[in-house]
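Derivation of every value follows stated rules applied to the coordinates shown; laboratory data play no part. What you see is a predicted model, and the numbers here were worked out from it, not measured in a lab. As a convention, Cβ positions derive from the backbone with ideal geometry for all residues, glycine included, and neighbour counts pool all protein chains shown.
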Amino acid sequence: MNSGKMENEMQLTENSNVRILAIETSCDETAAAIVENGREVLSNIISSQIDLHTVYGGVVPEIASRKHIENINYVIQEALDKAGLTFQEIDAIAVTYGPGLVGALLVGVSVAKALSYGLGLPLVGVHHIEGHISANYIENKELEPPYICLVVSGGHSHLVKVEDYGVYQVLGRTRDDAAGEAFDKVARAIGLGYPGGPKIDKIAKTGNPQAILFPRASMADNPYDFSFSGLKSAVLNYLNQCEMKGEVYSQADVAASFQQAVVDVLTEHTMLAMQETGMKKLAIAGGVASNSALRQAMQDKCKEYGITFYSPSPILCTDNAAMIGAAGYYEYCKGIRHGLDLNAVPNLKLGER
């Protein structure tokens, strides 16, 4: 690291303008962003691979890794160009190092380490879920810890107490399938294809959410934990019974009834946490947080209980680098630095370093 950058770090104050170049490659989006002071997004570039993976019905890790290698340099340069900045005007590099697909993570981590070494810039490794939580800071400038955050995505379902920036208490997590994973599997089963979340959300608007009574799982030993494998199995059993009986089922009704079951569980567990912790601020995050039924249900419940509700725009719910830049800023301000031995950790737990 050059001496000028070290002096800048030592003189960091709340009024300093810190520009973070953030990189996100945990799954199938190659993303780079420039974030200033944790909440101002100067650029946010996302190169999606959805079309590539749709034909396979889900993400193929090897294909995802190869496409990241092809796209990453172009995406980073586009992020700089859109922000009107050069590498010399960047203060630190932030990168997702887990959890996620190990091959995909390695691409982003390797590029971030190369930039850190070549430019003499501090390197900050960021937890992917922490990034999702931090997405709420970008459009909700007034939001500050402590608060409760529900993180729901393709790989994660977490109910988290955000005690401070970078300080988390996980109240509940999924015991099996994450909510987003269940959406993808049910969508495939009823012939909607991949990605399942937005397709179920769309068709559910024309269906009857009360048409089929699917189960809502609850864990006796931890009421904040989630389980969606039984719900997924119930949907598959319903479809199989219809097929065996020669009955025609309504795609829209199945989608709407399944979605309602997921939304009911998520809102019930979250509201229980709000009541028992006494928190009055709730945020949601992750890909499933863009689901219109979930957002409406949470909004309604928060209004009923006098809770202030925060949610990122849908583009910030899916994987993106702006959220990594937001999280990276607060880690940077706390003095968190990683060396060139930083590695991808595909099963990294929230709160681990």
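Projected onto planes of every orientation and averaged, the convex hull of the alpha-carbon atoms in the range 41-141 covers 7.2 nm².
Taking the square roots of five times each eigenvalue of the Cα gyration tensor of the chain, the equivalent ellipsoid has semi-axes of 37, 23, 16 Å, listed largest first.
Loop-located trypsin sites (Lys or Arg not before Pro) in the range 255-306 (DSSP state not H, G, I, E or B) with no more than 15 neighbouring Cβ atoms inside 10 Å: Lys280. In loop segments of the range 34-106 as defined by DSSP, there are no trypsin sites (Lys or Arg not before Pro) with at most 15 further C-beta atoms inside 10 Å of their C-beta. Comparing Gly100, Gly154, Gly306 in a Gaussian network model of the chain, where Cα atoms under 10 Å apart are tied by springs, the biggest mean-square fluctuation is seen for Gly306.
Spin-label model, Asn73/Glu139: points 7 Å from Cα along the beta carbon direction are separated by 3.5 nm.
Axis angle, to the nearest 10 degrees, between helix 128-139 and the longest C-alpha principal axis of the chain: 80 degrees. Using the alpha carbons alone, the radius of gyration of the range 83-183 stands to its Kirkwood radius in an Rg to Rh ratio of 1.03. Measuring r between the beta carbons of Gln296 and Thr206 and using R0 = 22 Å, the FRET efficiency lands at 0.85. To test your reading of the geometry: what angle, between 0 and 90 degrees and rounded to tens, separates the Cα axis of helix 102-119 from the longest principal axis of the chain? Between helix and principal axis, roughly 20 degrees. Note on the chain: GNM, Cα springs under 10 Å; of Phe226, Phe183, Phe214, the largest mean-square fluctuation is that of Phe214. By DSSP, the beta bridges lying fully in the range 32-126 are antiparallel in about 55 percent of cases.
Pairs of Cα atoms nearer than 8 Å and 6+ residues apart set the relative contact order; for the range 145-311 it is 27 percent. List the relative contact order of the chain as a percent without decimals, with contacts defined as Cα pairs under 8 Å and 6+ residues apart. Rounded, it is 24 percent for the chain.
FRET efficiency for the Asn37 to Thr277 pair, using the beta carbon distance and R₀ = 35 Å, is estimated at 0.75. Structural descriptor for the range 16-107: relative contact order 40 percent, calculated from alpha carbon pairs under 8 angstrom and at least 6 residues apart.
Where q = 0.09, 0.10, 0.12, 0.20 Å⁻¹, what log10 of I(q)/I(0) comes from the Debye formula for the range 145-311, counting one point per Cα? Log10 of I(q)/I(0), two decimals: -0.29, -0.36, -0.51, -1.28.
The spacing between the range 164-184 and the range 291-353, judged by their C-alpha centroids, is 11 Å. Excluding same-chain neighbours fewer than eight residues apart, the lysines reachable from Lys113 by a Cα-Cα span under 21 Å are Lys5, Lys67, Lys334.
Pairs of lysine residues in the range 145-311 that meet both criteria, 8 or more places apart or on different chains and Cα atoms under 25 Å apart, total 22.
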